[in-house]
């Protein structure tokens, strides 16, 4: 069956069983490579076998484990009486700023600069103000490079906690950062009860995230198992074959983590487009929404749930907030919106991101925020209203004085028309008089104006000082082996 964006019925029961059985065969006959020999020895006494240096697990046991995962999710949905649908009229169209970039595009010079703590603070405060204006979720737009690599996630959390309304979420990158993020969450009265395990495709376990979970398992409640498979490069260039491999990969990872820790594990299948010409993982292409819809369709069929995943990647490989960036992000947002069911909340991920997610651009964030409002206006639609009793009077007045001056137009035009702060609607003559500045120029000017404001602290002074002390300790101890 051909899979198009938004396709929800490609995975029939027969197709689902075919893919699951292929995954069980991979687990039982090929298995997972563990990078740590001690891990292999530990698991050999725990239901696993070793074949050609790889850990295998009985197919029937793997099927039972997957069935238990599915039953647990269904049970939780039943307890909440949750069908995934929001209250009537409460659909949320949100934006999300990725926190991965190590550089930003200076709107004044156009140069790409590495983040420092000072510039990250400035950009974070900028994001907080823009997100309040446009009503989407704020986040720290990257990591600083003037701290040791092991401390980047700690520094990012400190900046977000101090300069974002509502703070930010902890996202450890190594065992060193995990220790200090746990302590910082304790200071703020928050909990960090889940960590991810990232697998290396194909079928490899044992990176830093895995041992991070083993080390801090007593403080956790659950673990998410995931990977970033390149479709056709680290998987077969086949929809069913690629999904079967990744299902085997994440399921085997979940079994290993559960057997070693007893923690609740969560899985999901994803496939990411790979450009064979530039030999690069790519997001801003037509294949991204296609693979996104396919994998969400499979995950929904596997776990008996509805919807299209809620997240839409709006990345581009452009290095500037230029025509390519605008085109790829607008296409991604529009396709993502049109292929989600009408009740489903959507988070557009990658607001302000350039070079996939290696560079943050404040000017691009303003463009993306306007695109988000464009999509929100589409979602609001038009109502087919009732003809009022005084309708003929309105028509007579409109003929004589013009409808643009009517009470109805005056009271409703801002509600029924999308008014952009950035995209011009001026006619040819007005634009010529203004010197026809392009969108990139207008966005850069608006970003510079907003960046001229001083950052405002959003955290109580005592808590901010406590986080600063922990960050200093983290930097001092970077590279040392510290106890969890």
Original post:
So, of the residues in the stretch 295-317 that are in a loop (DSSP other than H, G, I, E, B) and either more than 24 Å from residue 376 (Cβ to Cβ) or in the same structural domain as residue 67 (by TED's automatic domain parsing) (or both), which turns out to be modelled with the highest pLDDT?
Top reply: 317
**OP:** Give the number of residues within the stretch 126-171 that are surrounded by fewer than 18 Cβ atoms within 10 Å (Cβ to Cβ), assigned to a helix (DSSP H, G or I) and within 18 Å of the chain's Cα centre (by Cα).
**Re:** 0
Original post:
Would you pick out the residues in the stretch 443-461 that are touching a helix residue (DSSP H, G or I) at 6+ places or on another chain (Cβ under 9 Å) and in a helix (DSSP H, G or I)?
Top reply: 443, 444, 445, 446, 447, 448, 450, 451
Original post:
Within the stretch 101-116, can one find any residue that is touching a residue at least 12 places away in the same chain (Cβ under 8 Å), over 30 Å from residue 380 (Cβ atoms), assigned to a loop (DSSP other than H, G, I, E, B) and within 18 Å of the chain's Cα centre (by Cα)?
Top reply: yes
**OP:** Output the number of residues of the stretch 402-442 satisfying the condition of being surrounded by 11 or more Cβ atoms within 10 Å (Cβ to Cβ) and in a helix (DSSP H, G or I).
**Re:** 12
**OP:** Might you let me know whether the stretch 27-36 holds any residue that is surrounded by 15 or more Cβ atoms within 10 Å (Cβ to Cβ), outside any loop (DSSP other than H, G, I, E, B), touching a residue at least 40 places away in the same chain (Cβ under 8 Å) and over 33 Å from the mean Cα position of the chain (by Cα)?
**Re:** no
Original post:
Given (1) crowded, with 23+ Cβ neighbours inside 10 Å; (2) over 30 Å from residue 244 (Cα atoms); (3) in contact with a strand residue (DSSP E or B) (Cβ under 8 Å, 6 or more places away or on another chain), where does residue 199 come up short, assuming only one miss?
Top reply: (2)
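The values are calculated or read from the model by the stated rules, or taken from the named source; none is laboratory data. Please read these numbers as outputs of a predicted model, since none were measured by experiment. Cβ sites come from the backbone with ideal geometry, for glycine too, and all protein chains shown count toward neighbours.
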